[in-house]
Amino acid sequence: MGFSNTRQGEIDVNEAEHAARDMRVAFQQFLNQNAAIFIAMARGGIGPADERFGEIGARLAETARALSVEVVALLEGVAPNAANDQLVRAVRPDIVEYVVERWQTGEPLDVAFEARLIAQVLRQSSKRFDFNPFGRGSEATSDTSVKLSFVAASTLMACQTLPYDFRAADPAGLQSRLLDAVVDAASENLPKMIVETSSDAEVRTVLQSLMKHFSKLMRSVYERETEIMVQRAASMDEEARRRWFETHDPIAELIKDFRARAHNIVAFAIATMIEPGRTPGRGRPQAA
C-alpha cells in the first residue's frame, strides 16, 4: 500500500510539472504572438480603459492570425484550413509586427494580397539560407529556412509598400536586390560571430538574429535614402530627373551604405564580446 501511495505521489508531481510547463509555454506563446499589439496601443495612447482597446486588439490579432494562415497555406500549397499549425505559430510573431506596423501608419492591409507578396519573398529568401559557414555539409531544413527568412521578409515587404520605389522598372527586382543584400551581409558576417564547434542550433540562432537586425537596418537606410531622393527630385524638372536616373543607380549606393553599416554593427559587437585578456573567438557564440 505504501509503495502504491508513493507511486501515485510521483505521478501527481509529474502531472503538476507538466501542467506548469504547458502553462509557461502557453504564456510565452501568447507574449510572442500578441505583445507587439499591446505595445503599439500603449505607444498610441490607447489604454485598457479606452473603449477601443478590446476591439482594436482583437482586430489586429485576428488579422495577424489570418495572414499567418494564408502565408503558410500558400507556401505549402494547401487550403488555409489545412495549413500546418506549427509553421503558423512560427511565423505569427513576425506577422504580428508587420500587421501592427501597417496599423500604426494607417495603411490598409489586404490579407490575400499581402500573403501572396510575403510568400513570394519567402520563396526567394529560403533558397539563400542552405549554406554552412564552415563547410560541414549540413543544410538547413525547409522549415528552418522559412523561420530564418521570415524576419527579413516582414520588413522588406514593408519597404516595397513605401510610396517611392526609385522608379524601378521591376518592383520585384528591387525587392530581390534588397533581400539579397541583407542575406549576403548575414552570411558574410555569421562566421565572425560563431566558433567552429558551434552547434547547428547556435548557428541558426545567430543567423536569425543577424537577419532580424540587418533587415531593420535595411529598412532604415531605405527610408532615409527615400527622403533624400524626394528632396533631390523636388529641385529638378521631369527631364532632369530622367537624366539623373539614367546616369545613377541609387539602389547600389543604398546597398553600399547598408553593407558598411552592417559590418560596423558586427565589429562593435565583436569588440564588446571580447573581454580583456580573452582570446577572440573563444567561448560560446552570442546572438547579434
**Asked** Between rounded, prolate and oblate, where does segment 15-114 land on the alpha carbon gyration tensor, with a ≥ b ≥ c its root eigenvalues, rounded for a/c under 1.5, else prolate if a/b exceeds b/c?
**Response** oblate
**Calculated FRET efficiency for the pair A61/N84, C-beta based, R₀ 25 Å, to 0.05** = 0.80
**Request:** Would you calculate the separation in nanometres between label points at L109 and R243, each defined as 7 Å from the Cα along the Cα-to-beta-carbon direction?
**Result:** 4.5
**Message:** Rounded to whole Å, give me the distance from the Cα center of segment 41-66 to that of segment 221-246.
**Reply:** 38
**Request:** Calculate one ³J(HN,Hα) per residue across segment 48-53 by plugging θ = phi - 60° into the Karplus curve 6.51 cos²θ - 1.76 cosθ + 1.60, and present them in order as whole Hz with x for glycine and proline.
**Result:** x, 6, 6, 5, 7, 4
**Asked** Taking the Cβ-Cβ separation of K256 and Q120 as r and a Förster radius of 35 Å, what is the calculated FRET efficiency to the nearest 0.05?
**Response** 0.85
**Prompt:** For A26 and F38 in one chain, what is 0.36 nm times their gap in residues minus the Cα-Cα distance, to one decimal in nm?
**Reply:** 2.6 nm
**Complete:** A correct Karplus calculation of ³J(HN,Hα) over segment 211-226, with 6.51 cos²θ - 1.76 cosθ + 1.60, θ = phi - 60°, whole Hz and x for Gly and Pro, returns 4, 4, 6, 5, 5, 5, 5, 4, 4, 5, 5, 4, 5, 5, 5, 4
**Request:** Using packing as a proxy for protection, rank 20-33, 174-187 so that the peptide with the highest average count of other Cβ atoms within 10 Å comes first.
**Result:** 174-187, 20-33
**Prompt:** Nearest 0.05, what FRET efficiency do H263 and S176 give at R0 = 22 Å with Cβ-Cβ as r?
**Reply:** 0.50
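All of the numbers you see were taken from the coordinates with simple rules; none came from a lab. Please read all numbers here as calculations on a predicted model, not as lab measurements. We place every Cβ from the backbone using ideal geometry, glycine too, and count neighbours over all the protein chains shown.
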